[in-house]
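Undergrad: I have a structure here, written as structure tokens, and I will follow up with some questions on it.
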Amino acid sequence: VRDWNGVTQVVLRSPKGASARVSLHGGQVVSWKNDRGEELLFTSSKAFFKPPNATRGGIQMCFPQFGYSGTLERHGFARNLFWALDDEHAPINHNDNGSKVSVDLILKPSEDDLKCWPHCFEFRLRVFLSKDGDLSLISRIRNVNGKPFSFSFAYHTYLSVSDISEVRIEGLETLDYLDNLSHQERFTEQGDAITFESEVDRVYVSSPNVVAVLDHEKKHSFVIRKEGLPDVVVWNPWEKKSRTMVDFGDEEYKQMLCVDAAAVERAITLKPGEEWTGKMELSAVSSTNCSDH
Ligand code: BG6
């Protein structure tokens, strides 16, 4: 646990030297490094590290709304709020050196939060670093309200890539997607793997539970496994949009790609007392092993 500009961050370490950092601000994963110390998540050099705004990068919790699909601020309020540690009931999760390998956080709405979204919930987030350095996020959201409520959700994940023009995504071909660049019009993906040469902002619906992001130059790839999250959001702002974002460098779109495990097209509805679970696991594998996935 360490203090970062007045905000608590929890550091996780695998026995082989991989690491992750989770901030109590937003429950955001702000860093994930492999055992060679290479950062696998993108964070903008122009990012604001000041609450309440989420830091541009890492993995942000979008809840109870993704995008502008409802009446709340974009991507909901969970990424802007302060979460609490919820280690009380958690199993002891340390590796042999005594370093933490997992952390449990909890978010409950304050009176003010209830004014903008009048539904009582408990959101428990577990972040776990495996002994091989894979990063898992498990979200459990419970309705502790007297009435049903609905929400959308995403793990807004900024992957670090060497050059966006060299990157491709496998696992989304032939799927339908909602295009945020044309009023969420529905299209069907025609190409083989997905590659990038302009702004992309799409929600691929009902996708398989394994998606790969192949990065030629870095000679490693990401494998994203998900459960309970039917959709995948793919976003790169490209040149023009980058220039409109104050917390993002003009050229940084070349080094990032957002691929989010999400539930966007169909809202999730919880009756009183019900709980929903959504999981995402990220692995960074060397390209030579990619054909195995
Ligand atoms: C993506 C959305 O997930 O997040 C984009 O699909 C949006 O439409 C982007 O621009 C960044 O959002 P924000 O609120 O973090 O600037």
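The values are calculated or read from the model by the stated rules, or taken from the named source; none is laboratory data. All figures in this text were calculated on a predicted structure; none of them were measured in a lab. Here the Cβ positions follow ideal geometry from the backbone for every residue, glycine too, while neighbour counts run over all protein chains shown.
Undergrad: Are any residues in the range 190-224 assigned to a loop (DSSP other than H, G, I, E, B), surrounded by 15 or more Cβ atoms within 10 Å (Cβ to Cβ) and of a type in the set (S, T, Y), and if so, which ones?
TA: Of everything in the range 190-224, just one residue is assigned to a loop (DSSP other than H, G, I, E, B), surrounded by 15 or more Cβ atoms within 10 Å (Cβ to Cβ) and of a type in the set (S, T, Y), namely S207.
Undergrad: Right, next: Six or more apart or on different chains, Cβ under 7 Å: which pairs go from a residue in the range 234-248 that's more than 13 Å from F42 (Cβ to Cβ) to one that's more than 10 Å from the ligand (Cβ to nearest atom) and aromatic (F, W, Y)? Could you list them?
TA: What qualifies is V234/Y204; W238/Y253; E239/Y253.
Undergrad: Determine, yes or no, whether Q28 is at pLDDT 95 or above, under 23 Å from L214 (Cα atoms), of a type outside the set (A, V, I, L, M, F, W, C) and touching a helix residue (DSSP H, G or I) at 6+ places or on another chain (Cβ under 8 Å).
TA: no
Undergrad: Within the range 55-72, can you find the residues that are under 18 Å from F248 (Cβ atoms) and at pLDDT below 95?
TA: G67
Undergrad: Continuing with the same structure: Among the residues of the range 162-172, is any under 16 Å from E275 (Cα atoms), away from the ligand (no atom under 16 Å from the Cβ) and not basic (K, R)?
TA: No, that holds for no residue.
Undergrad: Looking only at strands (runs of 3 or more DSSP E) that lie completely in the range 1-82, which have at least 1 residues being within 13 Å of the ligand (Cβ to nearest atom) and crowded, with 24+ Cβ neighbours inside 10 Å?
TA: Of the strands (runs of 3 or more DSSP E) lying wholly inside the range 1-82, those with at least 1 residues that are within 13 Å of the ligand (Cβ to nearest atom) and crowded, with 24+ Cβ neighbours inside 10 Å span 59-62.
Undergrad: So, in the range 263-291, of the ones that are modelled with pLDDT under 95 and part of a strand (DSSP E or B), which residue ends up surrounded by the most Cβ atoms within 10 Å (Cβ to Cβ)?
TA: If we take residues in the range 263-291 being modelled with pLDDT under 95 and part of a strand (DSSP E or B), then V285 is surrounded by the most Cβ atoms within 10 Å (Cβ to Cβ).
Undergrad: Quick one: how many residues across the range 213-229 are within 16 Å of the ligand (Cβ to nearest atom) and not aliphatic (A, V, I, L, M)?
TA: 1
Undergrad: For the condition in contact with a Ser or Thr (Cβ under 7 Å, 6 or more places away or on another chain) and either modelled with pLDDT under 95 or within 19 Å of S23 (Cα to Cα) (or both), what is the one hit in D112, D134, D104?
TA: When all the criteria are applied, what remains is D134.
Undergrad: Oh, and also: Answer yes if at least one residue in the range 145-162 is touching a Pro at 6+ places or on another chain (Cβ under 8 Å) and at pLDDT below 95, and no otherwise.
TA: yes
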